[in-house]
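Let me begin by presenting the structure, written as structure tokens, before commenting on it.
Computed from the coordinates by the stated procedures, all read-outs in this text should not be read as laboratory data. Remember, predicted model here, so these are calculated numbers, not experimental data. Glycine also receives a Cβ, built like all others from the backbone with ideal geometry; neighbour counts cover every protein chain displayed.
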Amino acid sequence: MSTKKIAVVGGDGIGPEVTKQAVVLLERLREKKGLPIEMWELDLGADRYLRDGTTFPKEISDQIRTECAAVLLGAMGDPRVPGLEHARDILFGMRFGYDLYANVRPVKALSDRLIPLKGRTAKDVDFIVFRENTEGVYVGFGGQFKKGTPDEIGINEDVNTRKGVERIIRAAFEWAKKNDKKRVCMADKSNAMTFAHELWLRTFREVAKEYAGIEARHVYVDALCLYMIQDPTQFDVIVTNNLFGDIVTDLGAALQGGLGMAASANVHASDGSRVAMFEPVHGSAPPLAGKDLANPFAAFLSAGMLLTHLGFTGYEATIERIVSAALDEGKCTKDVGGELGTRAAAAWVIERVVSEA
């Protein structure tokens, strides 16, 4: 197998701290297990922007597109850049620039004690969310009129194309088929957004006909939030639009123990043929930066997704199992009930993953 090049952008705040630990894990696996991967660490983020105004140079973007198999991205956001110009250029430059239309968020609990629902255990929280990643209200269409006056108007347009809606719905069904899951649920608000989300509902029903044996269920997104709390076991795969996906995946993170446990993938093709981006979704948390408090587990779990995407099977399951053991034994950071710092918790996991993978 040819060497897979992985671009690394540490990000801002706690991003560089947890990303560093994920890089150490990947490098140790390369050394001990012979994984054909090469890490390419890039100097991008708030520090670079404040130093010389650089956000996401075209030459870097083009090089990632043509040379890299994946990107490992840390959290973006720094209060020294209130307009978030650097974060917007980097994040949107990858998501939109590489057409990473599927944001894939596993909602999988790895410890019983992290479940916030009475009478539930980790086995009750195990589903995945496919969020459309390149359309919806996040495309930035709209404007303001009479800004700063009592008559001010603000408009954002919700952009949905047949192509964009169909491909994310199809991706959800294909994942269910490949992973022997029997239920796909699509959430929209077609009872209120009768044009844009009627397109979602109609497309969902048409695509579902091609997947015999998979239950296709439609719910409104407000009901989905209710059902996720009432009984998360009723879901295998959820697919929804950009805005709703952003919301329900954070609700899902609460079910699995918090944002420090939430990994994600941003992909175009599931076969690893195009560059994909992987990131923990906990945010940059600037007040925690440099204090050895950040939870590295979401970064590890994201690295596991990255390895699976690149065709290195088995490692993601091992990482999940060792992280679960760390939680059960209290070898973790304070946000998930432990007493260790970032570095110590990471070291405990890394040593066991490398020895057991």
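Quick notes on this one:
- Net length gained if the chain between E351 and L226 were fully extended (0.36 nm per residue, minus Cα distance): 41.0 nm
- Electrostatic bookkeeping for A192 treats Lys and Arg as +1 and Asp and Glu as -1; over the other residues with beta carbon under 13 Å from its beta carbon, the sum is -3.
- Relative to the Cα centre, the charge distribution of the chain, modelled as +1 at Lys and Arg Cβ and -1 at Asp and Glu Cβ, gives a dipole magnitude of about 620 debye.
- Under the convention that each Lys and Arg Cβ holds +1 and each Asp and Glu Cβ holds -1, the size of the dipole of the range 1-109 around its Cα centre is about 540 debye.
- Footprinting exposure proxy for L73, L42 (fewest neighbouring C-beta atoms within 10 Å first): L42, L73
- Among the chymotrypsin sites (Phe, Trp or Tyr not before Pro) in the range 179-259, those placed in a DSSP loop whose Cβ has at most 12 other Cβ atoms within 10 Å are F195.
- Listed peptides 45-55, 130-140, 147-157, 319-329 appear in the order 130-140, 319-329, 45-55, 147-157 once ranked by packing, highest mean of other Cβ atoms within 10 Å at the front.
- Counting neighbouring Cβ atoms within 10 Å and putting the fewest first, the residues T194, T342 line up as T194, T342.
- Under conditions of 4 °C and 1.567 mPa s, the chain yields 62 µm² s⁻¹ as its translational diffusion coefficient, taking Rh as the Kirkwood radius over Cα pairs in the Stokes-Einstein equation.
- Three-way shape label, the range 139-203, alpha-carbon gyration tensor, a/c 1.5: prolate
- Cα shape, the range 264-357, gyration tensor, a/c 1.5 rule: oblate
- Candidate lysines - alpha carbon under 24 Å from K334, same-chain residues fewer than 8 apart omitted: K20, K108, K118, K123, K291
- Overall, the ratio between the Cα radius of gyration of the range 141-296 and 2.2 N^0.38 Å, rounded to two decimals, is 1.22.
- Derived value for the range 16-88: Kirkwood hydrodynamic radius 13.9 Å. Basis is the mean of 1/r over every pair of different alpha-carbon atoms.
- Only DSSP H runs of four or more residues enter the estimate; each adds -39500 (n - 2.57), and after division by the residues of the chain the mean residue ellipticity at 222 nm equals -13000 deg cm²/dmol.
- Cβ crowding within 10 Å ranks D112, D89 as D112, D89, fewest other Cβ atoms first.
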